[in-house]
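Each remark here refers to the structure printed beneath this line.
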Amino acid sequence: MASLKEKIGYALGDAAAGGITWKVMSIAFPLFFTNIFGLTVADTATLMLVARLFDVVTDPIMGSIADRTQSRWGTYRPWLIFGAIPLGLVFALLLFTPDFGPVGKRIWAYSLYLLMMVVYTAVNVPYGSLLGVMTDDDDEKNQFSSFRMVGAYAMGFITLLSFPYLQKLVGGTPAHQYAVLGAVLGAVAALMTLACGLLTKERLTPVRAEKFSLKPFADLFRNKPWIYLTLAGICSNFFNGFRYAVAGYMITYCLGGDVTVSGLIINYTVFMTFGEVTCMIFGGLSPAFTKMAGSKSKAFMLSAVICIVTSIAFFFIPMDPSYIWLMVAIVILTSIGIGLYSPLLWSMYADVADYATMKNGTSSTGLIFSSGTMAQKFGSAISGALVALLLGVAGFISGTDANGETVITITNEESVRNMIWALFSLFPAAIATIMLLLVRLYPIKK
């Protein structure tokens, strides 16, 4: 029986990865790269697409490597223990804006972003795989998964809510603010990742294949539950990816900048914070909701319906700062659905891993959980790249001049505003509909 301390320790892993590094990369990086760092829209889209599609290859490889790791710290934990410092360091460097020209900045951004994806994969794939070896009790898996989501959303809430106030505290140029916050948040993420590795236990020993083989990769594509769940996972990250990537542009260009209400600064990070705290609360309620629904797949589908309805509703809110609280209310309602299905996704991956072990005779837990992080990166890669490309098509142009200064030009303001609004509402609604259909076809009905 796992202790509360271990469950909190496991939660710290996703508090670092999901609540700090990935949250900042998802919500702040698109706007950071175009409006502060000085990349063009095309460079930003290409960077996010190429770097994260790179993970489509590296994630399964990392999963296979992790499955075969044997050490005094276990199979998956050593990757967290020894990967913690590189994760925080590379993240900090990625938010630093060097005093380079357009070519130098491009090289810096591409090199560091690719390295960040490698380090993130080396830590997060084993972290996800831990769930498969900490317990064989299904209810306890749900509890660990729920703690994980609560940790991620709680830290995401703290990160996003504090961001504008920390920027104000640091002072100086926006580039300086991001550099300082990158160093601070990187250090916190490193400490949390290390704590996760030290506080968790591996109680089960994976049934290892005798030697490396491509058979586990081939087996994945004969595993119907894995296919449907991975496609649903990609859609879930498409859904979040569009909303997080475009939130900064929405506040800046649709609402005319930060909205101050009764002393509260509502910038793009604070705006999404309301969703984070809702996801945290309903992530904790997900196990009870699942029991009420009767199965994980039914609970997931009901959650997807919430996301579809509320996303469509957001589209009809006027683009006016006076409606900010109505916008916040819809974001909260949408986040109820996200909070309920997020823990289910990882618990369902554990079911798929058990199914694969029973069917094939050897464990491919790391490989299967790596597809979860692959889906996360693939979904956010495509959505982030599409946001940048579609904004460019609508008339948003960014870049760096000969002096290294960032230049922003909008050729069609109404077109850009409408595109931003649709990217936050209608695009996610369409993706959530596809996600609903995929989970309906998912064959494991636990």
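The values are calculated or read from the model by the stated rules, or taken from the named source; none is laboratory data. These numbers come from a predicted model, not from an experiment. Reconstructed Cβ throughout: ideal geometry from the backbone, glycine too, with neighbour counts over all protein chains shown. Only protein heavy atoms, including side chains, enter the accessible area calculation; ligands, DNA and RNA are left aside. Shrake-Rupley method; radii C 1.70, N 1.55, O 1.52, S 1.80 Å.
Evaluation of Thr269 against the conditions (1) open to solvent by 40 Å² or more (accessible area, probe 1.4 Å); (2) assigned to a helix (DSSP H, G or I); (3) hydroxyl-bearing (Ser, Thr, Tyr); (4) modelled with pLDDT under 90 shows that the sole unmet condition is (1).
For the stretch 112-211, which fully contained helices (runs of 4 or more DSSP H) count at least 2 residues that are aliphatic (A, V, I, L, M) and without any contact (Cβ under 8 Å) to a residue 40 or more places away in the chain? By residue number, 138-170, 174-199. Kindly provide the set of residues from the stretch 40-69 that are in contact with a Ser or Thr (Cβ under 7 Å, 6 or more places away or on another chain) and not charged (D, E, K, R), ordered by number. Residues satisfying the conditions are Thr40, Val41, Thr44, Thr58, Pro60, Met62, Gly63, Ala66, Thr69.
Every test in (1) surrounded by fewer than 23 Cβ atoms within 10 Å (Cβ to Cβ); (2) of a type outside the set (Asp, Glu); (3) part of a helix (DSSP H, G or I); (4) at pLDDT 90 or above is passed by Pro318 save one, and that test is (3). Applying the set (1) open to solvent by 10 Å² or more (accessible area, probe 1.4 Å); (2) part of a helix (DSSP H, G or I); (3) touching a helix residue (DSSP H, G or I) at 6+ places or on another chain (Cβ under 9 Å) to Ala109 leaves exactly one unmet item: (1).
For the stretch 1-97, give me every one of the helices (runs of 4 or more DSSP H) that falls completely inside it and has 2 or more residues that are touching a helix residue (DSSP H, G or I) at 6+ places or on another chain (Cβ under 8 Å), over 21 Å from Glu202 (Cα atoms) and open to solvent by 10 Å² or more (accessible area, probe 1.4 Å). Qualifying helices (runs of 4 or more DSSP H): 22-27, 41-67, 77-94.
Residue by residue through the stretch 159-187, note down the ones that are surrounded by 18 or more Cβ atoms within 10 Å (Cβ to Cβ), within 25 Å of Gly275 (Cβ to Cβ) and of a type in the set (Val, Ile, Thr). Selection gives Thr159 alone. Taking the numbered list (1) farther than 22 Å from Ile368 by Cα; (2) surrounded by fewer than 23 Cβ atoms within 10 Å (Cβ to Cβ); (3) at pLDDT below 90 in turn, Cys254 passes all entries but (3). Entry remark, the stretch 281-312: residues being out of contact with any helix residue (DSSP H, G or I) (no Cβ under 9 Å at 6 or more places or on another chain) and open to solvent by 40 Å² or more (accessible area, probe 1.4 Å) number 2 in total. Scanning the stretch 141-175 for residues that are among the polar types (S, T, N, Q) and under 30 Å from Leu199 (Cβ atoms) yields Asn142, Gln143, Ser145, Ser146, Thr159, Ser162.
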